[in-house]
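This report refers to the structure that appears directly beneath it.
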Amino acid sequence: MRHTAITRLVKAGVDLLTIKRISGHKTTAMVEHYMHIHGSHIDEAVATLNTTRVNPFTHDLPKLS
């Protein structure tokens with residue numbers, strides 16, 4: 001159940017330090033041991049990088065509408 005709960009928290013966007021506190025682990029390395037991120041979740045993250053345009057002169061991200 002730890003694997004499922006931690007993986008769901010990561011997929012929901014909860015940061016590792018918060019998950020570490022919730023799960024009672026002493027290190028984020030142990031949290032990473034229990035999380036299983038693969039497939040579409042990684043594909044969506046990479047796709048975000050591909051669609052984000054940064055102005056190379058100001059390093060500003062575009063404004064979200």
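Cβ-Cβ contacts under 8 Å between residues 6 or more apart (or on different chains), taken from a first residue in segment 6-25 that is farther than 18 Å from Glu44 by Cβ to a second residue that is of a type in the set (Phe, Trp, Tyr) and surrounded by 13 or more Cβ atoms within 10 Å (Cβ to Cβ), are listed as Ile6/Tyr34; Ser23/Tyr34; His25/Tyr34. One residue stands out in segment 28-38 among those that are more than 14 Å from Met1 (Cβ to Cβ) and touching a helix residue (DSSP H, G or I) at 6+ places or on another chain (Cβ under 7 Å): the one that is surrounded by the most Cβ atoms within 10 Å (Cβ to Cβ), namely Val31.
Per-residue answers, yes or no, for (1) open to solvent by 60 Å² or more (accessible area, probe 1.4 Å); (2) at pLDDT below 75; (3) hydroxyl-bearing (Ser, Thr, Tyr); (4) in a helix (DSSP H, G or I):
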site: Ala5; (1), (2), (3), (4): no, no, no, yes
site: Leu9; (1), (2), (3), (4): no, no, no, yes
site: Ile22; (1), (2), (3), (4): yes, no, no, yes
site: Lys26; (1), (2), (3), (4): yes, no, no, no
site: Asp43; (1), (2), (3), (4): yes, yes, no, yes
site: His59; (1), (2), (3), (4): yes, yes, no, no
site: Pro62; (1), (2), (3), (4): yes, yes, no, no
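The values are calculated or read from the model by the stated rules, or taken from the named source; none is laboratory data. Fair warning: this is a prediction, and the values are worked out from it, not measured in the lab. Every residue, glycine as well, gets a Cβ built from its backbone with ideal geometry; the counts of neighbours run over all protein chains shown. Keep in mind that these areas ignore ligands, DNA and RNA; they rest on the heavy atoms of the full protein, side chains included. Shrake-Rupley method; radii C 1.70, N 1.55, O 1.52, S 1.80 Å.
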